[in-house]
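The values are calculated or read from the model by the stated rules, or taken from the named source; none is laboratory data. Since the structure is predicted, the reported quantities are computational estimates derived from the model, not experimental observations. Because the Cβ atoms are built from the backbone with ideal geometry, glycine has one as well, and the counts that use them run over all protein chains shown. Quick note on the areas: whole protein, heavy atoms, side chains included, nothing else; ligands and nucleic acids left out. Shrake-Rupley method; radii C 1.70, N 1.55, O 1.52, S 1.80 Å.
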Amino acid sequence: MKGKKIIIKTRRKKIMNRQEVEKKWQDYWYSNKIFKAIDFSPKPKYYALIEFPYPSGAGMHVGHVRAFSSMEVVSRKRRMEGYNVLFPIGFDAFGLPTENYAIKTGIHPRDITDKNIKTFTEQLKQVGFSFDFDRVIDTTDESYYKWTEFIFRKLYDKGLAYRSHTYVNYCPTCKVVLSNEESQGGVCDRCNTQVIQKDKDVWFLKITSYAEDLLDGLKDLDTSQRIKVEQENWIGRSEGAFIDFSLDGTDDKFTVFTTRPDTLFGSTFTVIAPEHPLISKYKDRILNYSEVEEYKKNANLKTEFERVQLQKDKTGVKLLGLNAINPINGKALPIYVADYVMMGYGTGAIMAVPAHDTRDYEFAKKFNIDMIEVISGGDISKEAYTDIYNGTLVNSEFLNGLSVKDAKVKIIEELEKRGVGSRAVSYKMKDWAFNRQRYWGEPIPIIYCPNCGIVPLPYDDLPVVLPKIKNFEPNKDGESPLASLKEFTECSCPKCGSKARRETDTMPQWAGSSWYYLRYTDPNNDKEFASYDKMKYWLPVDWYNGGMEHVTRHLIYSRFWNEFLYDEGLVPYKEPYKKRTAQGLILGPDGEKMSKSKGNVIDPIDVVNEYGADVLRLYILFISDYEMATPWNKDAIKGCARFLDKVEALKEKVNKDQMDYTPQNKVIINKTIKEVSEDIESSKYNTAIAKLMILTNALTESESISRLDYETLLKLLNPFTPHIAEELWHLYNNDTIQYAEYPKYDPNSLISNTCTMVVSVNGKRRDEFTCERDLDDEKVKEIAISLDKVKPYIENGIKKIIVVKNKIVNIVV
RNA sequence: GCGAGAAUGGCGUAAUGGUAGCCGCGUUAGACUCAAAAUCUAAUGGUAGUGAUACUGUGAGGGUUCGAGUCCCUCUUCUCGCACCA
């Protein structure tokens with residue numbers, strides 16, 4: 001402890017006190033509103049967006065700093081490039097952790113949230129982020145969630161919000177219904193409890209009707225392959241056909257979905273999901289109904305996790321007394337109930353073609369069902385032949401001899417002609433389960449009237465305000481605490497005036513974040529969610545950075561809302577984001593994911609207190625490639641502190657009156673300007689910083705440097721380490737560096753007029769020499785073979801000499 | 001199982017098909033100091049050698065090329081995403 005104090009003292013004597021200087025400039029920036037975004041400014045606009053944080057009690061995390069730092073650097077650079085920058089911040093403050101904390105402590109979520117937002121805001125300012133703090137939004141503020149309710153109401157009007165009775169993912173610990181997105185892998189997103197299937201009344205948003213648009217919009221999104229592919233997989237489009245199978249002895253039929261209609265002649269049985277309505281409908285005709293009921297019950301008991309575990313072990317029950325008719329050849333096929341067919345995908349029923357589908361193959365083997373080979377080329381005695389590129393149709397009457405591709409077209413034509421099938425597209429994505437039985441969320445503006453049924457609240461009556469309550473515990477039925485509050489639930493029907501009941505479920509946390517980027521353009525508007533003109537000016541978001549984990553949830557949800565609002569004529573652009581990047585995780589020093597329980601959490605504010613905000617910002621971007629997960633190294637950060645000390649020490653060498661580049665540094669400065677700028681644009685912050693270090697090392701080796709040399713370095717540094725840049729800039733300037741013109745490079749000064757030629761023999765480096773640029777190839781060869789170190793290797797004759805201009809000579813012997 | 005990505009010193013990482021290891025950390029030696037820290041200087045992939053230097057080296061094995069960390073094929077391991085999706 002004593003030693004540490006001495007270190008700080010020594011540093012203070014030699015160089016600036018970072019924390020003091022940082023505080024000074026933060027006060028200057030924020031009190032003068034240096035980062036204010038100006039509506040309708042004639043400058044070109046730039047909208048940089050980061051995912052707004054959840055204001056947890058733990059405060060800011062180093063992960064937040066990394067997530068925000070990329071757009072922070074870009075925003076500061078854009079301001080210097082003459083843009084009118086919108087770089088906003090807000091808080092996604094509804095949600096379970098706050099509510100759970102309220103249950104534990106009895107403190108109201110409103111008070112917890114306010115306190116956490118205050119702390120978080122202070123921490124953001126301590127790091128010096130250049131947000132426009134005049135546009136802060138809070139999703140739990142009545143003036144904000146009024147518009148979240150408004151959008152829900154719009155969705156309802158269009159039939160895109162509906163109530164349905166289905167099996168849902170339910171977390172027994174959190175006592176909430178979860179969406180597929182929140183229960184990936186069969187466990188609850190928040191608490192890792194195994195999700196169970198529960199029969200419930202649920203609000204859904206019909207995101208599936210936007211599946212095609214959501215897929216389409218990805219085409220123009222500037223993003224990594226990974227982010228695109230993840231969204232595509234999530235939407236999960238597949239092309240195929242609906243085919244009707246009639247039920248033997250009835251006038252009824254059921255429809256299957258298949259991507260392989262070409263194999264229809266090879267179908268030897270059909271399978272329906274345990275939840276398929278056919279079962280109860282033909283209760284009386286199914287001879288083994290009790291066995292089927294039993295199977296159905298067991299299937300529902302299985303958790304998602306168990307289903308995955310038992311993936312290979314197929315189970316099922318044959319429906320006795322009920323057969324399906326293959327529409328193409330009139331053959332009677334047995335119907336099985338099996339849980340490897342899901343009610344939630346396609347039609348919940350399949351035509352099974354064991355010869356050409358792996359799952360059907362396993363099932364057929366287990367239940368001793370026949371197979372018919374209809375695509376030649378494989379060996380179906382060993383395994384299902386699923387190749388769709390090779391192979392020819394056989395045993396399929398009019399399809400025989402065709403390729404899979406052609407057979408698909410022809411069979412669909414035939415089915416359509418006969419009126420028993422059609423081309424179809426199916427999506428993996430399901431409708432979005434949109435309610436939670438909790439208090440701390442946006443109320444759903446719906447009323448249940450005994451006469452009129454479901455009635456939406458009139459627009460003029462919005463918002464439904466969350467009442468201030470004292471007991472936040474959900475009740476025993478897993479209902480929201482609002483359900484036990486008479487003052488809230490009792491109301492009158494807006495249509496007929498009779499006594500009615502208010503919806504007590506609230507919206508999921510993803511609601512508020514589905515449109516927040518719109519609100520930033522006009523955060524204080526109390527007439528509309530944002531003015532059309534302002535949205536037209538600011539949108540679309542030019543660059544959006546956020547977590548990889550939000551690619552399949554938040555990104556898709558928010559694009560859905562935007563596309564919907566666009567169709568309603570309420571927003572000016574169909575796609576909200578032009579470009580999307582994602583940062584990697586920062587792991588603990590032990591290489592594990594940071595967590596309280598592992599005790600490996602690094603608090604960014606501790607780093608600010610020890611090294612300063614500039615060092616924190618610099619290190620977080622220098623640590624590795626921006627997209628890569630990397631462990632924190634408590635020693636490596638010292639290198640960043642040393643670097644900034646060096647930058648400061650350079651001031652002693654500056655010739656104040658020299659306003660051009662010093663000749664010996666001209667090339668490296670121009671090169672650095674070019675490369676740092678390009679690196680920032682392609683999210684290579686780590687190499688950008690490495691190049692700034694190289695430049696600083698070069699300037700340190702110079703006898704003296706010019707004012708322009710130094711100011712150029714400071715400008716290039718400003719996006720990364722604005723405090724020290726501002727402080728040193730003021731040695732020579734009175735105005736802020738934040739709007740100083742970003743340096744430009746001179747293409748003619750990027751290369752020196754001499755170059756180093758490497759000489760290798762058979763690809764092995766042997767020597768090098770320096771010569772003028774673009775020297776004639778013949779002369780280069782002459783010099784190369786005359787070198788003493790090269791001579792011994794070419795004694796036995798030369799086969800060939802390859803010269804790569806200004807780079808390398810390779811002598812082949 | 002399917003899809004995407006990755007594998008380079010003691011560590012984090014860097015290299016338009018053209019000097020592998022930039023930049024940073026760490027380590028070693030030296031300077032300053034009574035001493036330590038900080039700072040500065042030098043060295044630092046491995047093996048051999050006092051040394052110039054030589055050989056070797058980017059997960060493994062093949063290939064293309066004058067030349068491969070980079071391109072192609074096969075394999076191994078790891079990370080991420082999806083997962084009985086019909």
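Restricting the calculation to Cα positions, tell me the Rg (one decimal) and the Dmax (whole number) of the stretch A:485-582 in Å.
Rg and Dmax of the stretch A:485-582, Cα atoms, are 17.4, 52 Å.
Return the carbon/sulfur percentage of the accessible area of the stretch A:16-133, one whole number, probe 1.4 Å, all protein chains in place.
Looking at the stretch A:16-133 in its full context, I get 57 percent from C and S.
Between A:Ala690 and A:Asn300, what is 0.36 nm times their sequence separation minus the Cα-Cα distance? Round to one decimal in nm.
134.7 nm
Could you order A:Tyr516, A:Tyr611, A:Tyr459 so the one with the most accessible surface comes first? Probe is 1.4 Å.
A:Tyr459, A:Tyr611, A:Tyr516
Rounded to the nearest 0.05, what FRET efficiency do A:Asn734 and A:Glu528 have when you use their Cβ-Cβ distance and R0 = 41 Å?
That gives a FRET efficiency of 0.45.
Taking 21 Å as the cut-off for C-alpha to C-alpha distance, list the pairs among A:Lys43/A:Lys219; A:Lys77/A:Lys674; A:Lys228/A:Lys408; A:Lys45/A:Lys691 that go past it.
Beyond 21 Å between Cα atoms: A:Lys43/A:Lys219; A:Lys228/A:Lys408; A:Lys45/A:Lys691.
For the stretch A:491-622, how many pairs of lysine residues have a Cα-Cα distance under 19 Å, where the two are 8 or more positions apart or belong to different chains?
Lysine pairs satisfying the spacing and distance rule in the stretch A:491-622 number 6.
5 Å is the cut-off here: which amide hydrogens, built 1.01 Å from N in the peptide plane, fall below it relative to A:Ser706, excluding neighbours closer than 5 in sequence?
Amide H neighbours of A:Ser706: A:Asn655, A:Thr662.
Among the aspartates and glutamates, which fall within straight-line cross-link reach of A:Lys470, defined as a Cα-Cα distance under 15 Å, with same-chain neighbours fewer than 8 residues apart omitted?
A:Glu99, A:Asp111, A:Glu487
If the cut-off is 12 Å between C-alpha atoms, which aspartates and glutamates fall inside it for A:Lys158, apart from same-chain ones fewer than 8 positions away?
Output for A:Lys158: A:Asp567, A:Glu568.
Only helical DSSP H runs with n ≥ 4 go in: add -39500 (n - 2.57) per run for chain A, normalise by residue count and round the 222 nm mean residue ellipticity to 500 deg cm²/dmol.
-10500 deg cm²/dmol
If I model a spin label as a point 7 Å beyond the Cα along the Cα-Cβ vector, how far apart are those points for A:Ala636 and A:Arg226 in nm?
1.7
Tell me, what HN-Hα J-couplings in whole Hz come from the Karplus equation 6.51 cos²θ - 1.76 cosθ + 1.60 at θ = phi - 60° for each residue of the stretch A:139-151, using x for Gly and Pro?
Listing the rounded values in order: 5, 8, 6, 3, 5, 8, 6, 3, 7, 5, 5, 4, 5 Hz.
Taking a cut-off of 14 Å between Cα atoms, list the aspartates and glutamates near A:Lys104, but don't count ones fewer than 8 places away on the same chain.
Partners within reach: A:Glu473.
Count charges around A:Lys43 for me, please; just the other residues with Cβ under 14 Å from its Cβ, Lys/Arg as +1, Asp/Glu as -1.
0
Mind running the shape call on the stretch A:634-746? Use the C-alpha gyration tensor, a ≥ b ≥ c as the square roots of the eigenvalues: rounded below 1.5 for a/c, prolate if a/b tops b/c, oblate otherwise.
Here the stretch A:634-746 falls in the rounded category.
Note the full-extension length gain between A:Glu473 and A:Glu610 as 0.36 nm times their separation in residues minus their Cα-Cα distance, in nm to one decimal.
Roughly 45.1 nm would be gained on extension.
How big is the equivalent ellipsoid of chain A along its three axes, where each semi-axis is √(5λ) from the Cα gyration tensor, reported in whole Å from largest to smallest?
58, 41, 23
If you take the alpha carbon radius of gyration of the stretch A:754-812 and divide it by 2.2 N^0.38 Å, what ratio comes out, to two decimals?
Expressed relative to 2.2 N^0.38 Å, the Cα Rg reads 0.99.
As an exercise, use a Förster radius of 22 Å and the Cβ-Cβ distance of A:Tyr162 and A:Val465 to find the FRET efficiency, rounded to the nearest 0.05.
0.35
Go ahead and run the numbers for FRET between A:Glu490 and A:Asp567, Cβ-Cβ distance against an R0 of 25 Å, rounding to 0.05.
Computed FRET efficiency for A:Glu490 and A:Asp567 comes out at 0.10.
Need the full-extension length gain, A:Lys596 to A:Lys744, defined as separation in residues times 0.36 nm minus the C-alpha distance. One decimal, nm.
Full extension from A:Lys596 to A:Lys744 adds 48.7 nm.
What is the local net charge at A:Phe91, summed over the other residues whose Cβ is closer than 14 Å to its Cβ (Lys, Arg +1; Asp, Glu -1)?
Net charge in that neighbourhood comes out at -1.
Report A:Lys331's accessible area, 1.4 Å probe, all protein chains in place, as a number in Å² to the nearest 10.
Per-residue accessible area (A:Lys331): approximately 90 Å².
How large a share of the accessible area of the stretch A:365-427, in percent, is made up of carbon and sulfur atoms when the probe is 1.4 Å and the other protein chains stay in place?
On the stretch A:365-427, the fraction of accessible area on carbon and sulfur atoms equals 46 percent.
Obtain the nm distance between the two label points defined at A:Thr250 and A:Ser143 by a simple spin-label model: each point lies 7 Å from its Cα along the Cα-to-C-beta direction.
Between A:Thr250 and A:Ser143, the simple spin-label model gives 6.0 nm.
Please state the relative contact order of chain A as a whole percent: Cα pairs under 8 Å, 6+ residues apart?
About 14 percent, as a whole number.
May I ask for the distance between the Cα centers of the stretch A:441-480 and the stretch A:580-594, given as a whole number of Å?
40
Label 7 Å along Cα→Cβ of A:Ile802; the stretch A:740-762 residues with amide nitrogen under 11 Å?
A:762, by backbone N distance to the label point.
What is the ratio of the Cα radius of gyration of the stretch A:238-427 to 2.2 N^0.38 Å, where N is its residue count, to two decimals?
Here the Cα radius of gyration is 1.00 times the empirical estimate.
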